[in-house]
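For reference, the structure is listed below as structure tokens.
The values are calculated or read from the model by the stated rules, or taken from the named source; none is laboratory data. What you are looking at is a predicted structure, and each value in this text was computed from that prediction instead of being measured. Quick reminder, even Gly has a Cβ in these numbers, built from the backbone with ideal geometry, and neighbours come from all protein chains shown.
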Amino acid sequence: MTKSDIATREDIDLLVRTFYKKIRAHDSLGPIFNSVITDWEEHLVKLVDFWQTNLLFEPHYKGNPVKAHLDVDRHFGGTIEQTHFGQWIQLWFEILDELFEGPKQHLAKERARNMSHMMFIRIFQARKQTT
């Protein structure tokens with residue numbers, strides 16, 4: 001099967017829905033996501049907006065992902081670990097490699113890697129401020 005690059009909102013929708021189907025079933029990530037997301041359809045649309053903004057440079061996303069991740073960590077009593085981010089990024093790369101190839105696919109990996117690192121640092125910093 002010849003793969004193409006990420007080029008449209010429909011491509012991003014496929015990526016996000018395929019990825020989060022795996023996340024929801026994952027042994028350690030699934031319980032985290034499934035306990036805090038009450039409307040999966042709304043969440044998936046927001047994530048498609050986020051990735052469309054970040055990969056296709058078409059501004060659709062409105063939100064604060066740092067605050068959302070800090071809230072999740074607080075919800076779980078400061079137990080979100082770097083391992084969780086590593087598992088997330090591993091699945092993200094697997095789905096990207098399964099579905100796409102090309103410059104936008106590589107950009108999606110780079111952006112996710114940078115964002116996951118930054119998110120964990122922000123979570124860690126927020127914990128230090130509350131102790």
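Values computed for the structure shown
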{"item": "Pair list, Cβ < 7 Å and 6+ apart or interchain, from segment 113-130 residues that are more than 17 Å from ASN64 (Cα to Cα) to residues that are assigned to a helix (DSSP H, G or I)", "result": "ARG113/ILE89"}
{"item": "Filter pass, GLN90 being polar (S, T, N, Q) and exposed (fewer than 13 other Cβ atoms within 10 Å of the Cβ)", "result": "yes"}
{"item": "Checking LEU96 against (1) part of a helix (DSSP H, G or I); (2) surrounded by fewer than 13 Cβ atoms within 10 Å (Cβ to Cβ), the condition it does not meet", "result": "(2)"}
{"item": "Residue match in segment 49-57 (condition: modelled with pLDDT of 95 or more, more than 30 Å from GLN129 (Cβ to Cβ) and part of a helix (DSSP H, G or I))", "result": "yes"}
{"item": "Residue match in segment 36-47 (condition: part of a helix (DSSP H, G or I), modelled with pLDDT of 95 or more and under 24 Å from LYS128 (Cβ atoms))", "result": "yes"}
{"item": "Residue tally, condition hydroxyl-bearing (Ser, Thr, Tyr) and either assigned to a helix (DSSP H, G or I) or modelled with pLDDT of 95 or more (or both), over segment 99-131", "result": "2"}
{"item": "Number of positions in segment 1-35 that are outside any helix (DSSP H, G or I), within 19 Å of GLN82 (Cα to Cα) and not hydroxyl-bearing (Ser, Thr, Tyr)", "result": "2"}
{"item": "Flag if THR38 is surrounded by fewer than 12 Cβ atoms within 10 Å (Cβ to Cβ), closer than 16 Å to ILE23 by Cβ and either within 12 Å of the chain's Cα centre (by Cα) or free of Cβ contacts under 8 Å to residues at least 24 places away in the same chain (or both)", "result": "yes"}
{"item": "Search result, residues across segment 92-131 that are in contact with a helix residue (DSSP H, G or I) (Cβ under 9 Å, 6 or more places away or on another chain) and β-branched (Val, Ile, Thr)", "result": "ILE95, ILE123, THR130"}
{"item": "Set LEU56, LEU47: member being free of Cβ contacts under 8 Å to residues at least 60 places away in the same chain, closer than 18 Å to LEU99 by Cβ and touching a Ser or Thr at 6+ places or on another chain (Cβ under 9 Å)", "result": "LEU56"}
{"item": "Check on GLY63, among the small types (Gly, Ala, Ser), in a loop (DSSP other than H, G, I, E, B) and either surrounded by 13 or more Cβ atoms within 10 Å (Cβ to Cβ) or at pLDDT 95 or above (or both)", "result": "no"}
